[in-house]
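As structure tokens, the structure follows; a few thoughts come after it.
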Amino acid sequence: MSRRLRTLAVVALCCVTAASAQPRSGLWGRPDLRYDGRVTFVRLRWTSGTYGAPPVGMGINFWIHEFPRAEQNLMRVLGDFTLIDARTDGSLTLTLDDPNLFKHPIAMMWEPGFWVMTDEQAEHLRAYLHKGGFVIFNDFELRQWDNFEAQINRVLPGALLFRLDATHPIFNSFFRIDQIDFPHPINHHLYGFTPEYFGLFEDNDPSRRLMAVVNYNTNLAEYWQMAGTGFFPIDASNIGFQLGVNYMMYGLTH
């Protein structure tokens, strides 16, 4: 992509209209959306029932934050600015042990700092990763890392989390991103935190396939959710969408 075209695309990323950002009923977040070959956004539901069981405190449905505007806006951008046949009229919410997860190459989990699961779900997610699935972990900070790391080691015993810098190919799979530790604006709920990125690799080998990208001390989906509202400065929203598009492109091509 030329520099001029890239600049135009980056500006357009933040021009998602407020109308498109409004929550819709219908096909968004369905557990039974029929597979039709298009790239479909998959949100992972990591508990059953209404309430989660986080290790510290209590809360309702941590996995559903920013729903459905985050996926609506990201998939629209993905469809508008890439050649991917992105599904923009609906999305999936699947449990970790849903067999339909294997039909989709990319899945995203919110709030893994509060993530709980059964042994069966851990086994199923392990199989998904080993068969080529790619998972995006997003929206957790500080001591929530401890629970996330413990759950990851249930999925992949002995797994190592490698810190990623801007030279990793995932940050250049579509948009070239030179600064990944960008500061959050003052009205972001993680203002003051520095984003960090980690990777899970096959056989703990950074030269092999990246199976999951971990966004720590940041919440990219908040930028996607608020697109077109004027809540965040345009530069902050741009980088959020650029990272999201890059993740989707990387997951589809690796």
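Quick note: the coordinates plus some simple rules give every number you see, no bench work behind them. Every value quoted in this text rests on a predicted model; they were computed, and no experiment measured them. All Cβ positions, even for glycine, are placed from backbone atoms using ideal geometry, and neighbour counts span all protein chains on display.
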Task: Residues LEU252 and PHE182, FRET efficiency given R0 of 25 Å [Cβ-Cβ distance, rounded to 0.05] - done: 0.55
Task: Residues whose placed amide H lies under 5 Å from that of MET211, excluding near-sequence neighbours - done: LEU200, PHE201, GLU202
Open item on the list: Quick check: the distance between the Cα centres of the range 183-254 and the range 86-152, to the nearest angstrom?
Closed with: 16 Å
Task: Derived scalar couplings ³J(HN,Hα) [the range 239-254; Karplus, 6.51 cos²θ - 1.76 cosθ + 1.60; whole Hz; x for Gly, Pro] - done: 5, x, 5, 4, 5, x, 5, 4, 4, 5, 5, 5, x, 7, 10, 10
- [ ] Based on other C-beta atoms within 10 Å, arrange THR253, THR118, THR218 from fewest to most.
- [x] THR253, THR118, THR218
Open item on the list: List the residues, sorted by chain then number, that are 5 or more residues from ARG45 or on another chain and whose placed amide H is less than 5 Å from its amide H.
Closed with: LEU94, THR95, LEU96
Open item on the list: Whole-Hz ³J(HN,Hα) for each residue in the range 122-127, computed from phi via Karplus 6.51 cos²θ - 1.76 cosθ + 1.60 with θ = phi - 60°, x for glycine and proline: what do you get?
Closed with: 4, 5, 5, 5, 4, 5
Open item on the list: If I stretch the segment between ASP119 and ARG38 completely, what's the gain in nm (0.36 nm per residue apart, minus their alpha carbon distance), one decimal?
Closed with: 26.1 nm
- [ ] For a quick protection proxy, order the peptides 177-189, 75-87 by their average other-Cβ count within 10 Å, most packed first.
- [x] 75-87, 177-189
